[in-house]
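A.B. asks: Have a look at this one before I ask anything.
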Amino acid sequence: MPPAGTILVTGGAGYIGSHAVLALRDAGHGVVVIDDLSFGHARAVPADVPLVRGDIADTVLVAQVLADHRITTIMHFAGSILVPESVANPLKYYRNNVVASNTLLQAAADHGVARFIFSSSAAVYGVPDRLPVTEDAPLLPINPYGRSKLMTEMMLRDVAAATGMKFANLRYFNVAGADPAGRAGPDRAIPTHLIEVAMDAVRGRRDGIIVAGNDYPTADGTCIRDYVHVSDLADAHVAVLNAMIAAPGASLTLNCGYGHGFSVLQVLDAVDHVLGRHLARSFGPRRAGDPAALVGSNDAIRSALNWQPRHDDLDTIIAHAIAWAQSLDQ
Ligand code: UFG
């Protein structure tokens, strides 16, 4: 297989990006990270990986990095990620996710970048008619976050048609867990994702978990999501890179999920079970922008990339999350 050259990872100091950096490095790829450290941490980037602190919308800086490191592939993780915040502050999401991606794409096109691998989201589907949802389902996002991801997918398709660039849209479902070797994990000052919120309770940083709505049309009334181990997701990025190098004519749009879901209460029960003690929980109102159930078919990614998840087990995801959370206080 021809060498991939150095990979530019935007948002490589963040949660998912830092796991992708580890997976790329473990697979022998050269990596450079650009991150504004607004949420990411410099300590999340291995010491032998160059970290450029800056904004992906800084055209001069990005052009310099692309030239200095002779970048032929970009993995684009940087962006804003919270559904409720996107409902309250949509322009932030159109700026950080759409405008910034537009600027990055312009720099990539000007530089002749061959491959652009994008962190898209299950949120592009909105409320799917059928679960598990397949990639050809209607794209009808129900919140600004999902719309911002869909707009970037559209830009990518149009840029690819107009230039030689190939793209991969990886539509993530609910990413959770931490590196099994304890090298990386989620590290937000104020977590909002369910398992991270539970970890805050594990660490004694909050009294318990508020379940956001128990009147959804699901078996126990709470929302169902497809929780994917972050290291399996990172492996999918390496696999898609390898597939794009092996078949340079191809662009891909693939779900990254396990194909089965758990309700909020099932997740919290699993946390109690793995932890060996009960975390307090209470019921609150629904959160804005939440679909009742979102589960992704992974038939396409399994056949296109031969992706074989290693951690498709909720207890394992939670055990790794707990180990990481506890390490933060040591
Ligand atoms: N939840 C709670 N209490 C909390 C936090 C979350 O009940 O304290 C619930 C949410 O209401 C939701 C579920 O747990 O039902 C999962 O919520 P997360 O915040 O962990 O994740 P989201 O489902 O909002 O976000 C994920 C991905 C996005 C994707 C989105 C689609 O992170 O990339 O699903 O809705 F776009």
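A.B. asks: Treating only the Cβ of Lys, Arg, Asp and Glu as charged (+1, +1, -1, -1), what charge dipole size does segment 115-214 show about its Cα centre? Round to the nearest 20 debye.
C.D. replies: Details: 12 positive and 10 negative charges, 40 e Å.
With Lys and Arg at +1 and Asp and Glu at -1, about 200 debye.
A.B. asks: Sticking with this structure for a sec: Indicate the gyration tensor shape class of segment 64-127 (rounded, prolate or oblate), computed on the Cα atoms with a ≥ b ≥ c the square roots of the eigenvalues: a/c under 1.5 is rounded; otherwise a/b larger than b/c is prolate and the rest oblate. Write down the numbers at each step before the final one.
C.D. replies: On the way: a/c = 3.05, a/b = 2.08, b/c = 1.46.
It comes out prolate by the Cα gyration axes.
A.B. asks: If only Cα atoms are counted, what is the Rg of segment 80-217, and what is its Dmax, in Å?
C.D. replies: Calculated on Cα positions, Rg and Dmax stand at 17.4, 53 Å.
A.B. asks: Shifting gears a bit: At a threshold of 8 angstrom on Cα-Cα distance, excluding pairs fewer than six apart, so keeping six or more, what relative contact order does the chain reach in percent? Provide the component values of the computation, followed by the final result.
C.D. replies: On the way: 671 pairs, mean separation 63.5, N = 330.
Computed over the chain, the figure is 19 percent.
A.B. asks: Going by a ≥ b ≥ c, the root eigenvalues of the Cα gyration tensor, does segment 183-247 fall in the rounded group (a/c under 1.5), the prolate group (a/b larger than b/c) or the oblate group? Intermediate values should be presented prior to the final figure.
C.D. replies: Details: a/c = 4.33, a/b = 1.62, b/c = 2.67.
Here segment 183-247 falls in the oblate category.
A.B. asks: Determine Rg/Rh for segment 257-322; Rg is computed over alpha-carbon atoms and Rh is the Kirkwood hydrodynamic estimate from the same atoms. Please report the intermediate quantities before stating the final value.
C.D. replies: Working: Rg = 14.8 Å, Rh = 14.2 Å.
So for segment 257-322, dividing Rg by the Kirkwood Rh gives 1.05.
A.B. asks: Then there's this: Excluding SER263 itself, calculate the net charge of residues whose Cβ lies under 12 Å from the Cβ of SER263, where each Lys or Arg counts +1 and each Asp or Glu counts -1. Don't jump to the answer; show the numbers that get you there.
C.D. replies: Working: positive: ARG225; negative: ASP220, ASP226, ASP269.
Around SER263, the charge tally is -2.
A.B. asks: Explain nothing, just the number: dipole magnitude of the chain about its Cα centre with +1 on each Lys and Arg Cβ and -1 on each Asp and Glu Cβ, in debye rounded to the nearest 20. Spell out each step's value before the answer.
C.D. replies: Working: 25 positive and 32 negative charges, 76 e Å.
So the magnitude is around 360 debye.
A.B. asks: Shifting gears a bit: Which angle from 0 to 90°, rounded to the nearest 10, does the C-alpha axis of helix 100-111 make with the longest principal axis of the chain?
C.D. replies: Relative to the chain, helix 100-111 is tipped by roughly 30 degrees.
A.B. asks: According to the Cα gyration tensor, what semi-axes, each the square root of 5 times an eigenvalue, does the equivalent ellipsoid of the chain have, listed from largest to smallest in whole Å? Present the calculation step by step, with values, prior to reporting the outcome.
C.D. replies: Working: eigenvalues 192, 95, 70 Å².
Working from the Cα gyration tensor, I get semi-axes of 31, 22, 19 Å.
A.B. asks: List the trypsin sites (Lys or Arg not before Pro) in segment 32-111 that DSSP assigns to loop (not H, G, I, E or B) and whose Cβ has at most 13 other Cβ atoms within 10 Å. Which are they? Working shown, then result.
C.D. replies: On the way: sites: ARG43, ARG53, ARG70, LYS92, ARG95; in loops: ARG70.
Of the trypsin sites (Lys or Arg not before Pro), the ones in loops of segment 32-111 whose Cβ has at most 13 other Cβ atoms within 10 Å are ARG70.
A.B. asks: For segment 26-71, just say rounded, prolate or oblate: build the C-alpha gyration tensor, square-root its eigenvalues into a ≥ b ≥ c, call rounded for a/c under 1.5, and beyond that prolate if a/b exceeds b/c, oblate if not.
C.D. replies: Working: a/c = 2.64, a/b = 1.12, b/c = 2.35.
Cα axes put segment 26-71 in the oblate bin.
A.B. asks: Would you work out the Kirkwood radius for segment 144-200? I mean one over the mean of 1/r across all pairs of different Cα atoms, in Å.
C.D. replies: Numbers: mean 1/r = 0.0699 Å⁻¹.
Hydrodynamic radius (Kirkwood, Cα pairs) of segment 144-200 is 14.3 Å.
Rule-based calculations on the coordinates, nothing more; no lab input. From a predicted model like this one, the values you see are computed outputs, not experimental measurements. When we count neighbours, we look across all protein chains shown, and the Cβ atoms used for this are built from the backbone with ideal geometry, even at glycine.
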